[in-house]
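Participant: Provided herewith is a single structure, encoded as structure tokens, for subsequent inquiry.
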Amino acid sequence: MSWHDPGGPGGGSGRGSVVTDAQVVHVGGTRPYDVVIGSGITVPATRRLLGGTRLVALVHPQCLHAAARDVAAALGEGPGAPRVELLAVPDGEPGKDLAVAARLWDQLSRLRLGRDDAVVGFGGGATTDLAGFVAAAWLRGVRVVHLPTSLLGMVDAAIGGKTAVNLPAGKNLVGAFHPPAGVVCDLDRLASLPPEERSSGLAEVAKCGFVADPALLGMLDRPEEQLAGLVARAVAVKARVVSADPRESGPREILNYGHTLGHAIERVEGFRWRHGAAISVGMVYAAGLSHRLLGLPEPDLKRHAAVLGALGLPVSYRPDAWPALLAAMRSDKKARAGSLRLVLLRRLADPVVLPVDEADLAAGYADVCS
Ligand SMILES: NC(=O)c1ccc[n+]([C@@H]2O[C@H](COP(=O)([O-])OP(=O)(O)OC[C@H]3O[C@@H](n4cnc5c(N)ncnc54)[C@H](O)[C@@H]3O)[C@@H](O)[C@H]2O)c1
């Protein structure tokens, strides 16, 4: 599949290039869009999505400033190209803050960013969540294009239209559903990603393998060689699920595989663990419960620790932490009243959501500590 750069928004810049070998995954719903995956595609694919835009606010974390500046310069080059303004924000979770969002709205006001203009989110999942939220609320919603630079951002955060900032009371408590106009996953960006961030993203890829596409699990034997295929297949899993449930009213729940215990570990660790590390333990836990309660076959159970362990992810946790973990699971915003509901597997790629009582939850945890 090739994506042709029309040569700047007005066309005819003479710089028209072709995005070769890019893969495109379509996301359905009320405002459908494409996710483009490939190498060296940032500028041509983003230009195509910004066609006709006069002004672009490119939101990025300070630590990715040099890369963001290069993208802004290239996007703003040539006749008919938009004016691209760089807006720096704090890196990671500190950026997902109402005060940061308010500062961005103030900057958009000074720039006079209008309804036909666009916001671009350039960074990890924290930055695209923030940029998406700011775009969702500005003038009651302007176009946002996501350029995720982390693996987790590419396969998860930038897709599905969920945007949010954090409150002292909890993560992602204020947000909006605001699908992007498109997502550009340029695999070249991943070259500078720290190893622990790469593993964190690979945990989400493995999750897609367990709940929907077991072929991914084999490909994870050599992730570096298979990066394009891994990203495209994992994106396809997320796209399929969110297309069927754009506002998270049910089926999307399967994407929470491993997340109930994972979120609890993140809280108990004071968010010092990477998300992928926490859900890795969570998936081993969910697989153990699936084996106990639903007869998940032993080889599939063992495959969890084997695949995740080989990626350098943790597969067990502290025995003494159970009371704190249970309390955290109970207070998770996704927990329904009464017993906890977990995503479990009957077999690989056959997920179900099931209430699990406290005795089973504890017995399952004993397996994860041993
Ligand atoms: N909206 C959703 O549906 C959704 C889904 C999953 C996660 N999320 C959110 O995504 C966030 C987690 O995403 P994340 O792991 O990408 O976090 P992140 O944005 O904090 O990025 C992780 C770190 O990697 C750095 N980084 C990113 N790209 C880089 C690159 N190319 N080179 C070097 N360093 C780079 C970042 O600067 C940051 O320090 C959380 O806030 C989570 O709530 C949202």
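The values are calculated or read from the model by the stated rules, or taken from the named source; none is laboratory data. These numbers come from a predicted model, not from an experiment. Because the Cβ atoms are built from the backbone with ideal geometry, glycine has one as well, and the counts that use them run over all protein chains shown.
Participant: Those residues that are in a loop (DSSP other than H, G, I, E, B) and either within 11 Å of the ligand (Cβ to nearest atom) or under 29 Å from Thr30 (Cβ atoms) (or both), I need them from the range 163-222; list them, please.
Facilitator: Residues satisfying the conditions are His178, Pro179, Pro180, Ala181, Leu193, Pro194, Ala212, Asp213.
Participant: Being in a helix (DSSP H, G or I) and within 16 Å of the ligand (Cβ to nearest atom) is the filter; apply it to the range 87-106 and report the residue that is farthest from Ala169 (Cα to Cα).
Facilitator: So the first thing to find is which residues in the range 87-106 are in a helix (DSSP H, G or I), and the list is 93-95, 98-106.
Among the residues that remain, those that are also within 16 Å of the ligand (Cβ to nearest atom) are: 93-95, 98, 100-101, 104.
Working: Glu93: 14, Pro94: 14, Gly95: 16, Leu98: 13, Val100: 17, Ala101: 17, Leu104: 22 Å.
Once the filter is applied, the top-ranked residue is Leu104.
Participant: What number of residues within the range 127-157 are of a type in the set (A, V, I, L, M) and free of Cβ contacts under 8 Å to residues at least 60 places away in the same chain? Steps first, please.
Facilitator: Taking the range 127-157 and keeping what is of a type in the set (A, V, I, L, M), we get 130-131, 134-137, 139, 142, 144-145, 147, 151-152, 154-155, 157.
Right, trim to free of Cβ contacts under 8 Å to residues at least 60 places away in the same chain and you get 135-137, 139, 142, 144, 157.
So the count comes out to 7.
Participant: Test each condition in (1) over 19 Å from Val343 (Cβ atoms); (2) within 11 Å of the ligand (Cβ to nearest atom); (3) surrounded by 19 or more Cβ atoms within 10 Å (Cβ to Cβ) for Leu230 and report the one that comes out false.
Facilitator: (2)
Participant: Does at least one position in the range 144-158 carry a residue that is more than 22 Å from Pro90 (Cα to Cα), within 11 Å of the ligand (Cβ to nearest atom) and surrounded by 24 or more Cβ atoms within 10 Å (Cβ to Cβ)?
Facilitator: Restricting attention to the range 144-158, the residues satisfying the condition of being more than 22 Å from Pro90 (Cα to Cα) are 155.
Narrowing further to those that are within 11 Å of the ligand (Cβ to nearest atom): 155.
Narrowing further to those that are surrounded by 24 or more Cβ atoms within 10 Å (Cβ to Cβ): 155.
Checked against the condition, which is being more than 22 Å from Pro90 (Cα to Cα), within 11 Å of the ligand (Cβ to nearest atom) and surrounded by 24 or more Cβ atoms within 10 Å (Cβ to Cβ), the range 144-158 yields at least one hit.
Participant: Can you go through Val119, Val155, Val145, Val84 and tell me which one is under 17 Å from Arg189 (Cβ atoms), in a strand (DSSP E or B) and either at pLDDT 95 or above or more than 20 Å from the chain's Cα centre (by Cα) (or both)? Let's see the steps before the verdict.
Facilitator: Details: Val119 fails: under 17 Å from Arg189 (Cβ atoms); Val155 fails: in a strand (DSSP E or B); Val84 fails: under 17 Å from Arg189 (Cβ atoms).
Of Val119, Val155, Val145, Val84, the one residue that is under 17 Å from Arg189 (Cβ atoms), in a strand (DSSP E or B) and either at pLDDT 95 or above or more than 20 Å from the chain's Cα centre (by Cα) (or both) is Val145.
Participant: Now, a different point. How many residues are free of Cβ contacts under 8 Å to residues at least 60 places away in the same chain and in contact with a Phe, Trp or Tyr (Cβ under 7 Å, 6 or more places away or on another chain) when one looks only at the range 190-236?
Facilitator: Qualifying residue count, the range 190-236: 0.
Participant: Of the conditions (1) over 27 Å from the mean Cα position of the chain (by Cα); (2) hydrophobic (A, V, I, L, M, F, W, C); (3) crowded, with 17+ Cβ neighbours inside 10 Å, Ala286 satisfies every one except a single condition; which number is it?
Facilitator: Answer for Ala286: the failing condition is (1).
Participant: Looking at the range 257-279, is at least one residue farther than 18 Å from Cys369 by Cα and touching a strand residue (DSSP E or B) at 6+ places or on another chain (Cβ under 7 Å)?
Facilitator: yes
Participant: In the list Ala215, Ala191, which residue meets the criterion of being of a type in the set (Gly, Ala, Ser) and touching a Lys or Arg at 6+ places or on another chain (Cβ under 9 Å)? If you could, list the steps in order and put the result at the bottom.
Facilitator: Working: Ala191 fails: touching a Lys or Arg at 6+ places or on another chain (Cβ under 9 Å).
Within the list Ala215, Ala191, the selection yields Ala215.
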